[in-house]
């Protein structure tokens, strides 16, 4: 299966790609199947009532990630990329009051959020930690349609049949693209043979499916949303929702940095604070339910934008044209990690989210600074290697602590990894492929309580929460 740059970088809403965006997409897909009559139970009447059951991590941290709201909005016809916050709130209020959903093409369907949306805290379904079962019944209570969806990270959603099909294609090479690399070794071999950069090969693959103008417009739009998210985060104060009473800090830190800059009081290590504040601005917006870009997930959405903003604002000679190649390079690395391991915290812990994002950011910066494909691969490996074993343990199930600061540190590691890689010639002991494999194996061995369930780690060791 070909993973596009726009699969890795999706425009959506916070606070979670797997727990918010994915369930919203799944609910919208279910309605579409209802309209089309797909797999309807023979003899059942027209749909009259809807229901949803959340399993595994979607149940354990669903309230903190607004999974319930996401499902309801998906059933009401909303989609992450185009969600209008005002209209969404109005729809949620109406559904909560009247216990009905006005579904286009299906009429009025009964849906009581308090009774028809169930958080199942039993064992997760065996196929995946993030599962939701959607049902529709006719007026006599007969089942019309049922489907189980798995939110596999980064806003990707699959049914069980789709998961099995994807597993069957795991070794397949997408022959329709000119550079069908499915490992870092393949990628480097193709780069050596073609003389092209990683970004150029990724561009050639993308242009099989869209024109150059369409690709560039999409890349520019992706960066525009990222940049706007940073700007909103740097301008916003107050308390983040959810009950932890976490203060937004990006605005105050940014003001301090600007003041120090104006008085020529900048310490050498302040560059780390700039990286952190850009990343924190994004993840504070994400925690508040704002518009973000999965990079490759919402929980890790601040790292790549922070690295790009650092490049543009702090590196002499940086050009805005660099951003397109940075996004393409980052997407190539993110695609390798997703294809060969995971970008899901519920599957492999935070090493799969912030670790992957840091590897993507490191590769992007190394490429922008003129690194060879070997140096770019080395940068990605260094960044991922030094996130191995990182757990996903959000306090109270909210993408706030430790997630927001963790993005800042992921950005710092990305820049350090790129710098170290550029000091060498690209030769190194541990390959990116070996590191990705290790991350996958570590995730499989990791206790479930450390994989986005809020049942271990900081989530249970901060007693005041």
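We did not get these values from a lab; they are worked out from the coordinates using the rules stated. Predicted model, so just to flag it, every value in this text is computed and none were measured. Methodologically, a virtual Cβ is constructed for each residue, glycine included, from the backbone with ideal geometry; neighbour enumeration extends over all protein chains shown.
Per q in 0.11, 0.17, 0.18 Å⁻¹, report the Debye log10 I(q)/I(0) for the range 17-160, using one uniform scatterer on each alpha carbon and no solvent.
With no solvent term, the Cα-only Debye profile gives -0.36, -0.89, -1.00.
So if I take the centroid of the Cα atoms in the range 315-342 and the same for the range 405-440, what is the distance between those two points in Å?
Between the Cα centre of the range 315-342 and that of the range 405-440, the gap is 14 Å.
For the range 218-345, what is the per residue volume of the convex hull drawn over the alpha-carbon atoms, in cubic angstrom?
Working: hull volume 15.9 nm³, N = 128.
About 124 Å³ per residue, rounded to a whole number.
For residue 449 and residue 160, what is the calculated FRET efficiency with R₀ set at 22 Å and r taken between the beta-carbons, to the nearest 0.05?
Details: r = 25 Å, r/R0 = 1.14.
That pair, residue 449 with residue 160, gives E of 0.30.
Bins of 5 Å, beginning at zero and ending with the bin holding the largest distance: percent of Cα pairs per bin for the range 348-459, please.
Per 5 Å bin, starting at zero, the Cα-Cα P(r) for the range 348-459 comes out as 2, 15, 22, 20, 17, 11, 7, 4, 1 percent.
Give the percent of DSSP beta bridges with both residues in the range 17-160 that are antiparallel, rounded to the nearest 5.
85 percent
Arranged from highest to lowest average of other beta-carbon atoms within 10 Å per residue, in what order do the peptides 217-229, 143-155 appear?
On the way: 217-229: 18.5, 143-155: 23.2.
My ranking of the peptides, most packed first, is 143-155, 217-229.
Given a cut-off of under 8 Å on Cα pairs at least six residues apart, what relative contact order in percent is computed for the chain?
Values: 939 pairs, mean separation 84.0, N = 465.
Over the chain, the number comes to 18 percent.
Which order do peptides 244-254, 319-329, 108-118 fall in by mean Cβ count within 10 Å, highest first?
319-329, 244-254, 108-118
For the chain, take the longest principal axis of its alpha carbons; what is the angle in degrees between that and the long axis of helix 212-235, to the nearest 10 within 0 to 90?
With both axes taken from Cα atoms, the answer is about 90 degrees.
Taking the chain as the reference, fit the longest principal axis to its C-alpha atoms, fit the long axis of helix 85-98 to the helix C-alpha atoms, and give the angle between the two in degrees, 0 to 90, nearest 10.
20 degrees
Under the 0.36 nm per residue contour assumption, what length would be gained going from the current alpha-carbon distance of residue 430 and residue 102 to full extension?
Values: separation 328, 0.36 × 328 = 118.08 nm, distance 5.51 nm.
112.6 nm is the gain from fully extending residue 430 to residue 102.
Take peptides 73-84, 301-312, 204-215 and line them up by average Cβ neighbours within 10 Å, highest first, as a rough protection proxy.
Descending packing order for the listed peptides: 301-312, 73-84, 204-215.
Where does helix 303-314 land angle-wise versus the long Cα axis of the chain, in degrees 0 to 90, nearest 10?
Compared with the principal axis, the helix lies near 40 degrees.
Given only helices, namely DSSP H runs of n ≥ 4 each adding -39500 (n - 2.57), what is the per-residue ellipticity at 222 nm of the chain, to the nearest 500 deg cm²/dmol?
-15500 deg cm²/dmol
Rounded to the nearest 5, what is the percent of antiparallel bridges among the DSSP beta bridges in the chain?
Given both bridge residues lie in the chain, the antiparallel proportion sits at roughly 85 percent.
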